[in-house]
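Reading through the structure tokens given below for one structure.
The values are calculated or read from the model by the stated rules, or taken from the named source; none is laboratory data. All figures in this text were calculated on a predicted structure; none of them were measured in a lab. When we count neighbours, we look across all protein chains shown, and the Cβ atoms used for this are built from the backbone with ideal geometry, even at glycine. Quick note on the areas: whole protein, heavy atoms, side chains included, nothing else; ligands and nucleic acids left out. Shrake-Rupley method; radii C 1.70, N 1.55, O 1.52, S 1.80 Å.
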Amino acid sequence: MASEDSLPVLKVLIIGPSGAGKSAYCDDQFDPESSTATIGIDFKMKKLAVRGKAFRLNIFDTAGQERFRTLSTSYYRGAQGVIVVYDISNRKSFLGMEKWIEEARSNASPDAVLYLVCHANPLPSSFSSSSYIAVSLILTTIASFKVGSKLDKVAAGGRAVSVEEGRAFAESQGAGFCEISSKTRENIKRPFVEVVDQIVQRPQLLSAATPASNSTALNLGSIGSGYASACPC
Amino acid sequence: MDSLGEETWDAVICGTGLQQSLLALALSRSNKRVLHLDPNDYYGEHEAAFSLQEAETWAAAHAENATAVAPAAGHGGLDSGNAAEEPKASSTGSEGEGTSHGEKPLGSEKTTADKSSLFINASVWKHPDAAARGLSFPRAYSLPLAPQIIHTRSKLLAQLVSSRAYRQVEFLAVGSFFVYDASASDSQAKLSRIPSSREDVFATRSIPARSKRSLIKFLKFVLDYDSEEQRPVWHELAEERLAEFLDTEFKLDANLRKYVLALTLTLDGHVTVKDGLATINRHLTSMGLFGPGFCAVYPKWGGTSEVAQVACRAGAVGGGIYMLDTRMNVNDTIADVNEISLNLSNGISVRATNLVTSQQEAAADSTTITRLVAVVDSPLPSLFEIIVEGAPTPAVAVIAFPSGSLPGIVEFNLDVPIYAFVHSSETGECPAGQSAIYLTTLSTPQATQRLAAALDALLKAVAAGSAEPATCLYKLQYEQSLSTRESLRTTRGKSSTFKFPSPSLSLALDDTGLDAVKDAWSLIMGDDADSDDTEYMVFQDREGVGDDNDDVYD
């Protein structure tokens, strides 16, 4: 695999309504210590090789700005992939998908890959599905997240949106689709793999991802090291 | 939603202009509870960047002139022509214009906050054949209201780097500075590039040898003008005009004086020796700092608007709660002096220890500028050439029209310069094949005509006779004023209110605005603020890295 710095960097966003309103399920079972993992992270990095080519994914979640629909246009800049998440047990979250997809379409690059994800875990009120998935993707074990249900269980009781309905809607929007459980980790990486797979097939998206391909943007980071060295730490 | 009203917020910040947003960034690792509102449904307040549609909505909301917004204020009956040119939107006694977020009862939303008297006389013009000539869909544009270049020495860049926020912003190089000279013989020579370095001065053919020596002498002086050795040269003349100083002390000819004045970006042409030398020093010492051939940068997609958004996201990542399209009013009926009670327009009531807003009223003696934003149907490539080997392709060019340099309208007895920032499509502010031009001048009686003439002259000079000049597809024009220049701070018991001054009108980011941010931060942090300066805006990276690194899918 190529050295870390030379890997093409892909910006992938996870958006969707916040997990508010589902706190009754799981507040009591939720381990507050582990919740700190989701707060205060700018973005998550993940290396992924698809079709023999390695990529660095920078995965951005909504950082709570989904709650009152205050995601900024700058959040969408340069994103090659957008994963839109709804909650399997919350029909309203599914019905809101059209608006989220519209927002993603009008703010992200017109070529950006869209992917619809149905999420099967009830979340504590302080969580958005967006940050929950982003974090669970990068944790090897999430045993400390003692949330209640899983994909198979939800199907029995809490399912408010059928697989068929979800898939049909995704197709109508030209988006990929799958159902995931961040608890059982069922399908947890599939959206990322399929999004990258789609991005690979769109050269216009990839050209923006290769480091140093852009002659106009300045690398303030290398300049930044100058500032950093001035700092006593 | 209910939870928002339960606990007392350490700070409620109203407005998402650059200063309030940087404050949110500064507080983003502090464990302070921050609620950040904006009465507008977009980020950036007076420094926002707009799509064409947003620009039209904004222009409609700011179309009034000063007399129209203050009909009952007593001076509405003044000579209306004058009042329109020198807007003195009143800070007191104006019933018609709600100029403040805070002091209006809920229910009078129509007149609050989103209509500030800082911007007036806004209008939009579209080419009758715009679509056919290439004007793209509204969101293909991101036009900043108040674009500023950022010198590489600016503390803002140091703070963005030390706070790790810089990674979400793409910075582009500001390239050449040109001076427009109407008297030049052929049209190609009408835009002369200001040499950017010593070598450049020597290589420039248009400057006579003797002038070169004077200029080099001056440049050397400016580099350490504030040293003990050099200070006597100018100290007694500190408040004199720079142009005269350049003439008497350094024997710079009229042409070179124009170059030097252009670099100061002085709006009235009368910059003092003290301010002028400081600005030229900043320009020269910024040159090459981040790479060859440029002294300033510009954030892609709309300048400081983008920085504000990124700073707000950092605030959100740090736990701050964000609400746009939400106004707030101070509830004065609550007697507790240790808390400020606020009613939000969405029906929620919250309490805060500190309230931070920005001043929305133009000061009576405010300087006013007229801005013209134009989208043209050409990439104007000759303005974005790489001059120094190894330099990045610039995305911004600066053109100065010195006092009285426009042909045909000399009878207006002009004595103020005009500046044009030309942004290439690399800024993301317009589609490929087009450019966005931002012209600024002091609001004088013929400001509108002068800006139009400058735009026309610029496009003709760039076309250089070889082709048809570029066509203007879209224009947005407005006037912008200043509030009082001090931060306003009031403390009652344990609670405080802090009001930032309105954004500076200067065309290069002015670091003094950053000091006010730190003042507000110190106020909110109270005893938690470390007296050690290094703590402010110095953060570690906060990124999550997967521990199962190499996932391979075929």
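Annotations for the structure displayed:
- Assigned charges on the beta-carbon of Lys, Arg, Asp, Glu; segment B:222-276 dipole about Cα centre (debye): 280 debye
- Under 20 Å from the B:Ala184 label point (7 Å along Cα→beta-carbon), backbone N, segment B:235-254: B:253-254
- Taking the protein heavy atoms of chain B in the context of the full set of protein chains, the accessible area attributed to carbon and sulfur is 48 percent at 1.4 Å.
- In segment B:418-439, the residues whose accessible area drops by at least 20 square angstrom when the other protein chains are added to the isolated chain are B:Glu426; the probe is 1.4 Å and only protein heavy atoms count.
- Note on chain B: antiparallel DSSP beta bridges, both residues inside, total approximately 75 percent of the bridges counted.
- Flagged links, alpha-carbon separation over 30 Å, of A:Lys11/B:Lys518; B:Lys251/B:Lys274; B:Lys190/B:Lys217; B:Lys155/B:Lys251; B:Lys155/B:Lys300: A:Lys11/B:Lys518; B:Lys155/B:Lys251
- For segment B:108-226, the Cβ-based charge dipole about the Cα centre amounts to some 300 debye (Lys, Arg positive; Asp, Glu negative; other atoms uncharged).
- Where GluC sites (Glu not before Pro) fall in DSSP loop in segment B:221-326, at most 13 other Cβ within 10 Å: B:Glu228, B:Glu229, B:Glu239
- Computed from the Cβ-Cβ distance with R0 of 51 Å, the FRET efficiency linking B:Ser123 to B:Thr490 stands at 0.85.
- MRE, 222 nm, helices only [DSSP H, n ≥ 4, -39500 (n - 2.57), over chain B, to nearest 500]: -7500 deg cm²/dmol
- Cα-centred dipole magnitude for segment B:239-371, charges only on beta-carbon of K, R (+1) and D, E (-1), debye, nearest 20: 600 debye
- Gyration tensor verdict on segment B:411-497 (Cα atoms; rounded if a/c is under 1.5, prolate if a/b is larger than b/c, oblate otherwise): oblate
- For A:Ala168 and A:Ser207, the FRET efficiency from 1/(1 + (r/R0)^6), where r spans their Cβ atoms and R0 equals 41 Å, is about 0.80.
- Segment B:360-468 - percent relative contact order, Cα under 8 Å, separation 6 or more: 32 percent
- Chain-alone versus full-assembly comparison, segment A:51-84, residues with accessible loss of at least 50 Å² (1.4 Å probe): A:Ala63, A:Gln65, A:Arg67, A:Phe68, A:Thr70, A:Ser74, A:Arg77
- B:Ser425-A:Arg51 pseudo-label distance in nm [points 7 Å out on the Cα-to-Cβ vector]: 2.8 nm
- Accessible surface buried by the A/B pair amounts to about 4500 Å², both sides summed, 1.4 Å probe.
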